[in-house]
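Below is one structure, written out as structure tokens, with a few remarks after it.
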Amino acid sequence: MLREMISGLLNKTGLSVSVAKDGQEAMEKIAAEPPDLVVLDVVMPNMNGYELCRWVKNNPSTEHVLVILCSSKSEEFDRYWGIKQGADAYVIKPFRPDELVSTVQTLLSTKCAS
């Protein structure tokens, strides 16, 4: 349900969105056609968000892909660990829709400026 909500939210802002049912499918899609940005839940079937984030950032063909990790873990250490894995942003669930959209837009505008 969260996946559909996030995808709908980002589609409404004019972004092209691709959805994966689990970490393995996401990895395959990212490898086949690297996107500008991915939003990952920390808890996903077949590969968690931390593992997928590390794979994205350590793979020469995808290291430029921006990563937002979403998690219900809200302690400072959790945020630190997410950023340590290579995430460009860490959003705590539940989040306000405008918070996620703002984070996505900020990261994408930073990427376009560089």
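Derivation of every value follows stated rules applied to the coordinates shown; laboratory data play no part. Everything numeric in this text was worked out from a predicted model, so none of it was measured. Backbone-built Cβ (ideal geometry, glycine too); neighbour counts: all protein chains shown.
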Give the residues of segment 14-51 that are farther than 25 Å from TYR80 by Cβ and hydrophobic (A, V, I, L, M, F, W, C), sorted by residue number.
LEU15, VAL17, VAL19, ALA20, ALA31, ALA32
Reported set for segment 6-34 where residues are within 14 Å of LEU52 (Cα to Cα), of a type outside the set (S, T, N, Q) and surrounded by fewer than 17 Cβ atoms within 10 Å (Cβ to Cβ) is LYS21, ASP22, GLU25, GLU28, LYS29, ALA31, PRO34
Given the conditions (1) surrounded by fewer than 17 Cβ atoms within 10 Å (Cβ to Cβ); (2) without any contact (Cβ under 8 Å) to a residue 60 or more places away in the chain, every one holds for VAL65 apart from (1)
Search result, residues across segment 1-10 that are out of contact with any strand residue (DSSP E or B) (no Cβ under 8 Å at 6 or more places or on another chain), over 14 Å from VAL38 (Cβ atoms) and assigned to a helix (DSSP H, G or I)
GLU4, MET5, GLY8, LEU9
Given the conditions (1) buried (at least 17 other Cβ atoms within 10 Å of the Cβ); (2) farther than 19 Å from MET5 by Cβ; (3) aliphatic (A, V, I, L, M), report the number of the one that ILE83 does not fulfil.
(1)
Suppose we keep only residues that are in contact (Cβ under 8 Å) with a residue 60 or more places away in the chain and over 13 Å from the mean Cα position of the chain (by Cα) within segment 94-114. Which one would you say is farthest from ASN11 (Cα to Cα)?
LYS111
Subset of segment 19-50 (residues that are over 12 Å from the mean Cα position of the chain (by Cα) and within 20 Å of CYS112 (Cα to Cα)):
GLU33, PRO34
